[in-house]
1. For the pair Ser19 and Ala41, what calculated FRET efficiency results from E = 1/(1 + (r/R0)^6), where r is the Cβ-Cβ distance and R0 = 45 Å, to the nearest 0.05?
2. List, in order, the whole-Hz ³J(HN,Hα) value for each residue of the stretch 288-295 obtained from phi through the Karplus relation with A = 6.51, B = -1.76, C = 1.60 and θ = phi - 60°; use x for Gly and Pro.
3. If contacts are Cα pairs under 8 angstrom and at least 6 residues apart, what is the relative contact order of the stretch 196-342 in percent?
4. Taking springs between alpha-carbon atoms closer than 10 angstrom, which of Asn300, Asn117, Asn273 fluctuates most in the Gaussian network model of the chain?
5. Going by amide H atoms built from the backbone, whose H comes under 5 Å of the H on Ala126, apart from near neighbours?
6. Please get the size of the charge dipole for the stretch 24-192, origin at its Cα centre, with Cβ charges of +1 on Lys and Arg and -1 on Asp and Glu, quoted in debye to the nearest 20.
7. Would you mind checking the tilt of helix 274-284 against the longest principal axis of the Cα atoms of the chain, expressed as 0 to 90 degrees and rounded to 10?
8. Please report the antiparallel percentage of DSSP beta bridges with both residues in the stretch 24-192, rounded to the nearest 5.
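The values are calculated or read from the model by the stated rules, or taken from the named source; none is laboratory data. Note that the structure is predicted; figures quoted are calculated from it, not measured. Cβ coordinates were reconstructed from backbone atoms using ideal geometry, including for glycine residues, and neighbour counts include every protein chain displayed. Side chains are part of the model used for accessible areas, which takes the heavy atoms of the whole protein and leaves out ligands, DNA and RNA. Shrake-Rupley method; radii C 1.70, N 1.55, O 1.52, S 1.80 Å.
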Amino acid sequence: MPNGCPLSGRKRHERRGTSRMIRSVVRGFGAALPKRVMTNAEMEQVVDTSDDWIVQRSGIRQRYIAGEGETTASLGEQAARAALANAGMTPDDLDLIIVATSTPDNTFPATAVNIQNRLGMHHGFAFDVQAVCTGFVYAVTTADAYIRGGLAKRVLVIGAETFSRILNWTDRTTCVLFGDGAGALILEAGEGTGANTDRGVLTASLRSDGSHKDKLYVDGGPSTTGTVGVLHMAGREVFKHAVGMITDVIQAAFDATGTTPDDLDWLVPHQANRRIIDGSAKKLGIAPEKVVVTVDLHGNTSAASIPLALAVAAGDGRIKKGDLVMLEAMGGGFTWGAVLLRW
Ligand SMILES: CC(C)(COP(=O)(O)OP(=O)(O)OC[C@H]1O[C@@H](n2cnc3c(N)ncnc32)[C@H](O)[C@@H]1OP(=O)(O)O)[C@@H](O)C(=O)NCCC(=O)NCCS
């Protein structure tokens with residue numbers, strides 16, 4: 001510690017918590033999955049692959065695939081209704097809906113507005129954010145900015161995807177890795193003191209770098225091909241960057257709050273790949289028992305993976321009120337980011 005600095009980083013942050021401030025506090029969570037489960041054994045019937053290869057390389061054992069009538073908006077609506085019930089709220093209580101998705105029902109209007117209408121909500125406002133697998137981290141950060149800026153009091157944040165509809169089902173290097181689903185959180189303005197002991201979002205660290213575009217992208221779009229396109233990924237290239245990028249933003253969130261891996265109760269990572277999750281936790285010194293893993297059950301559901309994992313771990317009682325929780329993700333763009341919150 002340099003001379004003249006009377007407090008360590010930790011103490012300095014605790015001391016700082018004396019003024020009143022608005023915090024975005026989690027009031028409810030929910031999730032929804034398509035009816036159809038597709039196991040690795042079924043995947044063996046579609047492409048030249050094996051359960052062993054998929055489990056060893058990714059940790060995935062099964063994924064859910066949307067059927068007829070199941071869409072990003074319908075799954076998002078189900079997750080939203082579950083989150084509202086969990087919070088003891090109705091759509092009338094909300095004033096903003098943010099949906100993170102890369103697989104919207106339509107190019108426009110936004111899936112968030114579609115879900116707003118499905119919920120029978122005709123006040124307030126709604127919009128989508130698009131940051132691929134980092135979408136939910138971006139959406140929670142956006143919701144927090146609206147709440148702290150006084151523009152909204154109760155925000156429904158949804159991550160919802162139907163990646164099965166943008167996969168090339170003859171490309172074994174990608175189609176075995178992704179799945180469909182949706183998850184939601186309700187954030188409400190609460191009063192905090194500015195200390196790390198406050199409930200709610202404590203800090204966020206967001207990044208993007210478009211020079212990595214060609215490593216993970218969809219080869220279509222309204223303004224280029226006029227088609228939806230299919231997903232392409234240079235898996236090994238993505239893998240090479242993932243751990244470093246993830247650990248950088250997590251460390252930034254620790255540094256901004258003066259917290260450490262020891263203070264953390266739960267790491268809830270984007271569920272892309274077990275090896276990336278384990279590698280990131282290990283590099284940061286986060287104990288394996290603090291890491292929520294659902295990639296085995298859901299596969300990579302892009303922006304839906306974090307809220308799905310939160311719903312599993314809060315639903316089974318692991319994540320409890322007052323727990324310190326780190327969310328992190330990395331995805332196409334590249335985009336990457338972390339949010340530290342107290343549940
Ligand atoms: C995709 C990923 C699992 C592939 O694992 P890998 O160890 O890098 O594997 P490689 O791409 O080097 O391929 C190794 C071999 O497996 C083969 N292979 C690829 N997909 C296969 C599959 N589904 N089943 C069986 N074999 C497969 C390859 O053809 C290659 O064979 P070869 O050596 O004869 O050419 C890995 O790169 C990864 O996890 N990347 C990150 C992906 C990710 O998380 N993306 C989402 C970010 S949001």
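1. Values: r = 57 Å, r/R0 = 1.27.
My answer for the efficiency is 0.20.
2. Running phi through 6.51 cos²θ - 1.76 cosθ + 1.60 with θ = phi - 60° gives x, 6, 8, 9, 8, 10, 10, 4 Hz.
3. Details: 253 pairs, mean separation 55.4, N = 147.
The value is 38 percent.
4. Ranking Asn300, Asn117, Asn273 by mean-square fluctuation puts Asn117 first.
5. Ile97
6. Using Cβ point charges on Lys, Arg, Asp and Glu, the stretch 24-192 gives about 220 debye.
7. Relative to the chain, helix 274-284 is tipped by roughly 20 degrees.
8. Numbers: 21 of 31 bridges.
Beta bridges within the stretch 24-192, antiparallel portion: roughly 70 percent.
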